[in-house]
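Engineer: What follows is a single structure, and I will ask about it in a moment.
The values are calculated or read from the model by the stated rules, or taken from the named source; none is laboratory data. Predicted model, so just to flag it, every value in this text is computed and none were measured. Reconstructed Cβ throughout: ideal geometry from the backbone, glycine too, with neighbour counts over all protein chains shown. When the accessible area is computed, the model is the full protein with side chains, heavy atoms only, and any ligands, DNA or RNA have been set aside. Shrake-Rupley method; radii C 1.70, N 1.55, O 1.52, S 1.80 Å.
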Amino acid sequence: MFKAKTYKNSAELANLSGVPIYMSDMVDASLRGRLNTFLQGNTGSGKTQLVRDVMQYFGDKSLFILGRNDMDTRELFQQVNPEFLKALKEQRDISGMRFKELTDKVNYHFIAVDELPNCVPAVRAQLFNLFDGFIEIDGKAYPIGSGYSVGMATGNIGQQFTESSNELGRALKDRMHLIIDTDYYRPQPIDTLDMLEADRNPRVNFGEKHEDKTKEIIESHKNLRKREISDEKYILANYLIHGLDYLPDEFGGSKTALKSGWPNKLEGHALGSDEALILPVSPRAAKSIITLSQALDSIVEEKGAEPDHFNSMMTAFKFASAYSGILNQAIVMQNYDENPYKAMDAVIETTKTQFKQQEDKIIAGLDMAGRGKKSERLLNEFQGRWGFMRNILESLADRQKR
Ligand SMILES: Nc1ncnc2c1ncn2[C@@H]1O[C@H](COP(=O)(O)OP(=O)(O)O)[C@@H](O)[C@H]1O
Ligand SMILES: [Mg+2]
């Protein structure tokens, strides 16, 4: 559906069922899935260009904001709807009704924020709200974009990025569903050759007109939500939430429960390869991962291949989680050349081995639970980081009996 017109990048972010997934495809997936994306990367690598390319698809239903540190929320509101400032000036007795009138008129489906890190926290918070489809005035949320809105932001924050402690880092992790560091997926030599041949103007090109595809994008988002989700994906998502939380008993059984003791209280051979490397994903992140994986599957299908649920889940996990603050930064530094995607690859490798070992038992377990049965022998097969399956299977079996 989406294909960047001016922006060029043939670096492969993933390969699914033989279909290479490029930046353009990942952006396409984020639009279908309605997932907010943050593009991190070096200056001049085409981030703004990519965002501009996306804007072309939304015709006049997109809003472009250039992040500046001297912009306050008033100015932001004014950019969203010029009548806002007037309304805010009339002030005081302005009722929610008037704001509702104004926000109802706001009909943006795509919000682009260039250089987001330049924005002050208050403005950033409002921008994230816009991404999620509403404006907050005096603590009240007014919806915009009639049902579909999505955001894309850019910025180069380099090292700061990994410091989960700073406010910006935390805000990004909390509010952006997908963070892509283009420094690790740089345009290839052939891309820069094509780019230079196409045009020597160093400014971002937003002259190329594109047909308004807003309707098509919203439609494919709706279709994606109807797309069936396999048992395999639900189980994998639960593995990421519960299986990755597992620790041997001597460490209390749970990374989450260890709180700030993770990872420093861990030591010794009892630990598996990823027990000190990664925290479990949050239930919220698991939603993004399934959604992104569904979107990737639909893209793979459109390109004529059979979707591979396991691999699309792992690709989604990789790009939703590399910068989400769940990796142990010290180990990423020491063992993975500071590259969080490499660390994610290692976790994915372990997950693959784990899943292959359990696959038959999982299928047998789901079949058993579907018949309302609980075989102790089969349930006992789920130990350690797969212990979570017991609770799922027992509960599913009980529901069958009711
Ligand atoms: N990968 C790319 N594909 C096409 N054009 C690019 C690419 N990278 C950079 N450019 C061009 O280089 C210039 C700077 O790109 P820009 O999008 O402003 O970079 P950034 O926002 O990452 O700093 C623009 O003219 C843009 O069109
Ligand atoms: Mg830029």
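Engineer: So which residue, out of 233, 265, 61, gets the largest mean-square fluctuation from a GNM of the chain using Cα contacts under 10 Å as springs?
Structural biologist: Residue with maximal mean-square fluctuation among 233, 265, 61: 265.
Engineer: For an R0 of 22 angstrom, estimate the FRET efficiency from the Cβ-Cβ distance between residue 200 and residue 60 and round to the nearest 0.05. Write out the running numbers ahead of the final one.
Structural biologist: Numbers: r = 29 Å, r/R0 = 1.34.
Computed FRET efficiency for residue 200 and residue 60: 0.15.
Engineer: A further question on this structure: Determine the sum of side-chain charges near residue 113: Lys and Arg each +1, Asp and Glu each -1, restricted to other residues whose C-beta is under 14 angstrom from that of residue 113.
Structural biologist: Details: positive: 47, 52, 68, 124, 175; negative: 75, 114, 115, 132.
Charge balance in the 14 Å sphere: +1.
Engineer: May I ask you to list the lysines whose Cα is less than 17 Å away from that of residue 401, ignoring any residue fewer than eight positions away on the same chain?
Structural biologist: Answer for residue 401, where 17 Å is the Cα cut-off: 373, 374, listed by chain and number.
Engineer: Rolling a 1.4 angstrom probe over the protein chains, ignoring ligands and nucleic acids, what is the accessible area of residue 72 in square angstrom, nearest 10?
Structural biologist: Using a 1.4 Å probe on the heavy atoms, I get roughly 80 Å².
Engineer: What whole number of Å gives the distance from the Cα centroid of segment 1-61 to the Cα centroid of segment 316-362?
Structural biologist: 23 Å
Engineer: Peptides 344-352, 125-133: what's the order by average Cβ count within 10 Å, highest mean first?
Structural biologist: Values: 344-352: 17.8, 125-133: 20.4.
For the peptides 344-352, 125-133, the packing ranking is 125-133, 344-352.
Engineer: Restricting to Cα pairs below 8 Å that are 6+ residues apart, what does the relative contact order work out to for segment 255-402? Please round to a whole percent. Mind dumping the intermediate values first?
Structural biologist: Details: 111 pairs, mean separation 25.2, N = 148.
Relative CO of segment 255-402 lands at 17 percent.
Engineer: Distance between Cα centroids, segment 172-219 to segment 225-276: provide it in whole Å.
Structural biologist: First find each Cα centre; the distance between them is then 35 Å.
Engineer: Can you pull the percent of segment 14-226's accessible area that's carbon plus sulfur, 1.4 Å probe, other chains left in place? Present the calculation step by step, with values, prior to reporting the outcome.
Structural biologist: Numbers: 4980 of 10080 Å².
Accessible surface attributable to carbon and sulfur in segment 14-226 totals 49 percent.
Engineer: Which order do peptides 310-319, 135-144 fall in by mean Cβ count within 10 Å, highest first? Write down the numbers at each step before the final one.
Structural biologist: Numbers: 310-319: 24.9, 135-144: 15.0.
Ranked by mean Cβ neighbours within 10 Å, highest first: 310-319, 135-144.
Engineer: Got the relative contact order for the chain handy, in percent, Cα pairs under 8 Å and 6 or more residues apart? Write out the running numbers ahead of the final one.
Structural biologist: Details: 591 pairs, mean separation 76.7, N = 402.
The value is 19 percent.
Engineer: Check residue 150: other-chain or 5+ apart residues with amide H under 5 Å from its amide H, H built from backbone geometry?
Structural biologist: Close amide H contacts, sequence-distant or interchain: 110, 111.
Engineer: Pulled fully out, how much extra length does the chain show between residue 301 and residue 250, if you take 0.36 nm times their separation in residues and subtract their Cα-Cα distance?
Structural biologist: Details: separation 51, 0.36 × 51 = 18.36 nm, distance 4.57 nm.
Result: 13.8 nm gained on full extension.
Engineer: Using every alpha carbon pair in the chain, what percent of pairs falls into each 10 Å bin from 0 up to the bin containing the largest distance?
Structural biologist: Calculated P(r), rounded to whole percents: 4, 20, 29, 24, 15, 6, 1, 0.
Engineer: Check each of the GluC sites (Glu not before Pro) in segment 248-324 and keep only those in coil by DSSP with at most 15 other C-beta atoms within 10 angstrom; list them in order.
Structural biologist: Values: sites: 250, 267, 275, 301, 302; in loops: 267, 275.
In loop regions of segment 248-324 (DSSP not H, G, I, E or B), the sparsely surrounded GluC sites (Glu not before Pro) are 267.
Engineer: By the gyration tensor of its Cα atoms, with a ≥ b ≥ c the square roots of the eigenvalues, what is the shape of segment 205-275: rounded for a/c under 1.5, prolate for a/b over b/c, or oblate?
Structural biologist: Values: a/c = 4.61, a/b = 2.40, b/c = 1.92.
Cα axes put segment 205-275 in the prolate bin.
Engineer: Suppose a student asked you for the relative contact order of segment 1-129, using Cα pairs under 8 Å spaced at least 6 residues apart; what percent would you report?
Structural biologist: Working: 129 pairs, mean separation 33.1, N = 129.
RCO, segment 1-129: 26 percent.
Engineer: Extension gain residue 141-residue 219, at 0.36 nm per residue separation less the Cα-Cα distance, in nm? Mind dumping the intermediate values first?
Structural biologist: Numbers: separation 78, 0.36 × 78 = 28.08 nm, distance 2.53 nm.
25.5 nm is the gain from fully extending residue 141 to residue 219.
Engineer: Based on the Cβ-Cβ distance of residue 360 and residue 394, what FRET efficiency does E = 1/(1 + (r/R0)^6) give at R0 = 22 Å, to the nearest 0.05?
Structural biologist: Numbers: r = 19 Å, r/R0 = 0.87.
For residue 360 and residue 394, the calculated efficiency is 0.70.
Engineer: For an R0 of 22 angstrom, estimate the FRET efficiency from the Cβ-Cβ distance between residue 265 and residue 337 and round to the nearest 0.05. The partial results should precede the final answer.
Structural biologist: Working: r = 26 Å, r/R0 = 1.19.
Between residue 265 and residue 337 the formula returns 0.25.
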